[in-house]
Amino acid sequence: MKIAIVCYPTFGGSGVVATELGLELAKKGYEIHFITYSQPVRLALLNANLHYHEVHVPEYPLFHYQPYELALSSKLVDVVKYYNIDVLHVHYAIPHAYAGYMAKKMLAEEGIHLPMITTLHGTDITLVGNHPFYKPAVSFSINKSDFVTSVSNSLKEDTFRLFNINKEIEVIPNFIEIKPENTQEVVKCDRAMMAQPQEKIITHISNFRKVKRIEDVVKIFYNIQKEVPSKLMMVGDGPEKQKAEYLCQTLGILDKVIFFGNSSEIDKILCYSDLFLLPSETESFGLAALEAMACGVPVISSNSGGLPEVNSNGFSGYLSNVGDVADMSSNSISILKDEAKLNQFKKNAKEVALRFEIHKILPQYEALYQKAVELNTLKNE
């Protein structure tokens, strides 16, 4: 089967999930074609089953903003025709589902009927997609998709609540590839590079947007370090980073916090970690939390969005109300102060992460691709 995948090629969750999905499908013998404006960050190696097609957007003085969706639609048409693509899988509603639908219509003019699957990831629905300027186009694109999936039950409910959707939405959760080295027992972590032996290591990974409540991360750590000798690893970059640095300076803890910026060595950073903080305003799923848990790191998070579907309260970590810094701080300290409890939570976190192992989730996508192709064949007979 030949599958075209459209995604954002960035460090964000949707791009990571789409790339890892394509990589795993290629290993199983599917012919995978990534179509986007730059090579996805995790698409390090290409092989016979893996292809990347760059979308070039010509610059014209006439356009204040270059029309990426038009260039993407045209590129999709070219790739589908040249490689005889069987199914199109677009990740993120804006602008990918819209561009995919336009490509489908252009192809249909030439007698080519291509099934399209749209996967909803989060802010494409709850933040950007819900904006009045985009809402009609997003509703239209979702309803015109042949199949729609979402990464959590919470996101599925949000989609039906915010949009006038007449399509079924299948929940296929995000996943993680758990390698033997993704464990603190196997990796020989040189913790001395980051902290003293008596210090615990707390980690936060995100795109440092307002929704991540970065200042809450700093405040929680401030409370932790008063009770438990510790260091904070801040991984990622974004608009709230400068505020976080200033808050650390104001609280007098800047010497205990390391700001890494974006990193391609997340597993290596997590292998040092004793606790992961994710106090977000909302998360459609919480892929960063899952990545931490896969490395045996318990999670302190808010109870918003899809996080309760990932982080098992009192088992793999703790859930608190959004903005409840005091409760998150108390839960963090209760884990970190008790070595036996910390070790048990680390073990539990890995156990929960195994439920989302890629080989358990991949068959759901494979079944959907097969269903899409079979229904498309029946329509054309």
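Derivation of every value follows stated rules applied to the coordinates shown; laboratory data play no part. Only a predicted model underlies this, so the values are computations on that prediction, with no experimental measurement involved. Cβ: placed from backbone, ideal geometry, glycine included. Neighbour counts: every protein chain shown.
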Residue separation between Glu109 and Asn223 times 0.36 nm, minus their alpha-carbon distance, gives in nm 34.8 nm
Of Leu307, Leu362, Leu251, the most mobile residue in a GNM of the chain (C-alpha springs, cutoff 10 Å) is Leu251
Hey, got a sec? Which GluC sites (Glu not before Pro) in region 276-321 land in a DSSP loop and have at most 11 other Cβ atoms within 10 Å?
-> none
A correct fewest-to-most ranking of Arg355, Arg213 by other Cβ atoms within 10 Å would be Arg355, Arg213
Average projection area in nm² (convex hull over Cα atoms of region 191-356, one quarter of hull surface) = 8.2
Rounded to the nearest Å, what's the spacing between the alpha carbon centres of region 326-381 and region 271-288? Just the number, please.
-> 13
How much mean residue ellipticity at 222 nm does the chain get from its helices, if each DSSP H run of length 4 or more adds -39500 (n - 2.57) and you divide by all residues, to the nearest 500 deg cm²/dmol?
-> -12500 deg cm²/dmol
Just how large is the dipole of the chain about the Cα centre, in debye to the nearest 20, putting +1 at every Lys and Arg Cβ and -1 at every Asp and Glu Cβ?
-> 260
Tell me, what is the Rg over Rh of the chain, with Rh the Kirkwood radius over Cα pairs?
-> 1.00
Taking the Cβ of Gly305 as the centre, find all other residues whose Cβ is under 9 Å away and add up their charges (Lys, Arg: +1; Asp, Glu: -1).
-> -4
With the chain treated as a Gaussian network of Cα nodes joined by springs under 10 Å, which of Ala326, Ala349, Ala103 yields the largest mean-square fluctuation?
-> Ala326
By how many nm would the segment from Asn321 to Met194 grow when fully extended, if each residue of separation counts as 0.36 nm and the alpha-carbon distance is taken off?
-> 42.7 nm
Output the pairs from Lys135/Lys167; Lys256/Lys347; Lys231/Lys337; Lys268/Lys347 with a Cα-Cα distance over 23 Å in this structure; if there are none, say none.
-> Lys256/Lys347
